[in-house]
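Heads up, the thing below is written out as structure tokens.
The values are calculated or read from the model by the stated rules, or taken from the named source; none is laboratory data. Remember, predicted model here, so these are calculated numbers, not experimental data. FYI the Cβ positions are ideal-geometry reconstructions off the backbone, even for glycines, and counts take in every protein chain you see.
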């Protein structure tokens, strides 16, 4: 009987990866907040969120232990590098990540949700959701 138990214990056990997501992520360094602005792809910073009020530009990354940096409804529109998605985004602050830019210029967020979306391509409105 002990050999049967040893044989069962030797079987591979699947490891379930747990994605902590954005808003519920324990690594957040502050509260999530709604930001009206525009998400676009920057050549040197990747995905960025530029608030309409002209505040600091946020660099968008996945939160620790998560693979999602933006919701699917935004990701679907950013297949074209010239597209800009405007709307109201729930931005959640995450820890600083390695970057070539000075810390005074870098604020990192993950985007938990997005609403009132408009899609622009080279300044022309394509869709509104």
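On the basis of being touching a helix residue (DSSP H, G or I) at 6+ places or on another chain (Cβ under 8 Å) and under 21 Å from residue 87 (Cα atoms), does residue 39 make the cut? Considered against the rule, which asks whether it is touching a helix residue (DSSP H, G or I) at 6+ places or on another chain (Cβ under 8 Å) and under 21 Å from residue 87 (Cα atoms), residue 39 comes out as yes. Total residues in segment 58-71 satisfying the condition of being assigned to a loop (DSSP other than H, G, I, E, B) and either closer than 21 Å to residue 120 by Cβ or touching a strand residue (DSSP E or B) at 6+ places or on another chain (Cβ under 9 Å) (or both): the figure is 8. I need the full set of residues from segment 72-99 which are in contact (Cβ under 8 Å) with a residue 40 or more places away in the chain, assigned to a loop (DSSP other than H, G, I, E, B) and surrounded by fewer than 18 Cβ atoms within 10 Å (Cβ to Cβ), in order please. Once the filter is applied, which keeps residues that are in contact (Cβ under 8 Å) with a residue 40 or more places away in the chain, assigned to a loop (DSSP other than H, G, I, E, B) and surrounded by fewer than 18 Cβ atoms within 10 Å (Cβ to Cβ), segment 72-99 yields 80, 81, 82, 95, 99.
Consider segment 103-129 and keep the residues that are outside any strand (DSSP E or B) and at pLDDT 75 or above. The one that is nearest to residue 58 (Cα to Cα) is 107. I'd like to check something: does segment 36-57 contain any residue that is touching a residue at least 40 places away in the same chain (Cβ under 8 Å), under 16 Å from residue 21 (Cα atoms) and either under 14 Å from the mean Cα position of the chain (by Cα) or assigned to a loop (DSSP other than H, G, I, E, B) (or both)? Within segment 36-57, none of the residues are touching a residue at least 40 places away in the same chain (Cβ under 8 Å), under 16 Å from residue 21 (Cα atoms) and either under 14 Å from the mean Cα position of the chain (by Cα) or assigned to a loop (DSSP other than H, G, I, E, B) (or both).
Comparison of 30, 21 shows that the only residue that is surrounded by fewer than 17 Cβ atoms within 10 Å (Cβ to Cβ), at pLDDT 85 or above, in contact with a strand residue (DSSP E or B) (Cβ under 8 Å, 6 or more places away or on another chain) and in a loop (DSSP other than H, G, I, E, B) is 30.
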